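One structure below.
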Amino acid sequence: MIDKKKVVLFDIDYTLFDTEDFRKNLYKNISQAVGEDINKIEPIGKSIYAKLRKKYGYFNPAEFIKKFKGYMKNDVDFSAVEESIWNEEAFRRCIYKEVDDILSEIKKIAQVGIFSKGHDRFQRAKLKTIEHFLEIKHIHIVVDKYANLPQIINKYAKHKLYLVDDELEALHFASKLRSDVFTIWVKRGRYAAEQKPIPGFTPNLVVTNLRKIVKIIGR
């Protein structure tokens, strides 16, 4: 039976969605769409991606296409590039294998939502095939997690709040705002691999995939 006092908020990238795999396939699909060798397209894509991450802190699809045009000939069909970015099947393939089963189980015992940083439309596109597990009122996509965390903490002040994220710093900040937030660090993906320990902070649970969290939330 669902406990409406429990709310589980998931990050998207590297938590529910294999962002690295998506990027690799994106460059491959774009190279096919524009008729160029992957060895030419991938370095261009990586360079643009890095610049956008530095500017915005996340991937911006419209800006990516705009900058990509500067590297290509005028006769390139850029609508095909856009289709490569927004391909629904590509999003579906990059949802981690365990996600559907885990969200289905958690939905039976708690309210399920999202707290993630990024381009709103792009992040929601990643969720399209799993959105039936989520409650709309608990979906929070923001451009700055740290600026919005106090508001999130306040919104769920009367709930048992679980935060599931690959970003250890975000979990640490949440625990400083509210000591009883249950923090679950998903230690997978490029950023988690580079993460150094944070002195004085240990998340409540560390996992490499989501399979172990159902029993914890169900307690």
Mind checking which residues of segment 28-41 are buried (at least 18 other Cβ atoms within 10 Å of the Cβ) and modelled with pLDDT of 90 or more? Asn29, Ile30, Ser31, Ile41
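Those residues that are over 13 Å from His138 (Cα atoms) and within 15 Å of the chain's Cα centre (by Cα), I need them from segment 104-120; list them, please. Reasoning before the result, please.
Restricting attention to segment 104-120, the residues satisfying the condition of being over 13 Å from His138 (Cα atoms) are 104-106, 108-109, 117-120.
Across segment 104-120, the qualifying residues are Lys117, Gly118, His119, Asp120.
Any idea which of Ile139, Ile152, Ile95, Ile106 is free of Cβ contacts under 8 Å to residues at least 40 places away in the same chain and either not polar (S, T, N, Q) or not assigned by TED's automatic domain parsing to the domain that holds Asn209 (or both)? Before the answer, list the steps.
Working: Ile152 fails: free of Cβ contacts under 8 Å to residues at least 40 places away in the same chain; Ile95 fails: free of Cβ contacts under 8 Å to residues at least 40 places away in the same chain; Ile106 fails: free of Cβ contacts under 8 Å to residues at least 40 places away in the same chain.
Unique residue meeting the criteria: Ile139.
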Tabulated pairs, segment 169-188, first under 18 Å from Lys215 (Cα atoms) and modelled with pLDDT of 95 or more, second in a helix (DSSP H, G or I) and not hydrophobic (A, V, I, L, M, F, W, C), C-beta under 7 angstrom, 6+ apart or interchain: Val181/Ser175; Thr183/Ser175
Failed condition for Ile106, given (1) β-branched (Val, Ile, Thr); (2) closer than 25 Å to Arg53 by Cα; (3) touching a helix residue (DSSP H, G or I) at 6+ places or on another chain (Cβ under 7 Å): (2)
Looking at (1) within 18 Å of Gln32 (Cα to Cα); (2) surrounded by 16 or more Cβ atoms within 10 Å (Cβ to Cβ); (3) of a type outside the set (S, T, N, Q), which is the only condition Asp75 fails? (2)
With the checklist (1) among the aliphatic types (A, V, I, L, M); (2) within 28 Å of Leu134 (Cβ to Cβ); (3) not in a helix (DSSP H, G or I) in hand, flag the one item Leu26 doesn't pass. (3)
Before we move on, is Val81 aliphatic (A, V, I, L, M), not assigned by TED's automatic domain parsing to the domain that holds Ala157 and not in a helix (DSSP H, G or I)? no
Residue hits (segment 74-100; in contact with a Leu (Cβ under 9 Å, 6 or more places away or on another chain) and within 14 Å of Asp13 (Cα to Cα)) are Phe91, Ile95, Tyr96, Val99
Tell me which residues, restricted to segment 189-219, are modelled with pLDDT under 95, within 20 Å of Ala110 (Cα to Cα) and within 17 Å of the chain's Cα centre (by Cα). none
Looking only at segment 171-206, which residues are surrounded by 17 or more Cβ atoms within 10 Å (Cβ to Cβ) and under 24 Å from Asp3 (Cβ atoms)? Leu171, Ala174, Ser175, Val181, Phe182, Thr183, Ile184, Trp185, Val186, Pro203
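The values are calculated or read from the model by the stated rules, or taken from the named source; none is laboratory data. Everything numeric in this text was worked out from a predicted model, so none of it was measured. Please note: Cβ atoms are built from the backbone with ideal geometry, for glycine as well, and neighbour counts cover all protein chains shown.
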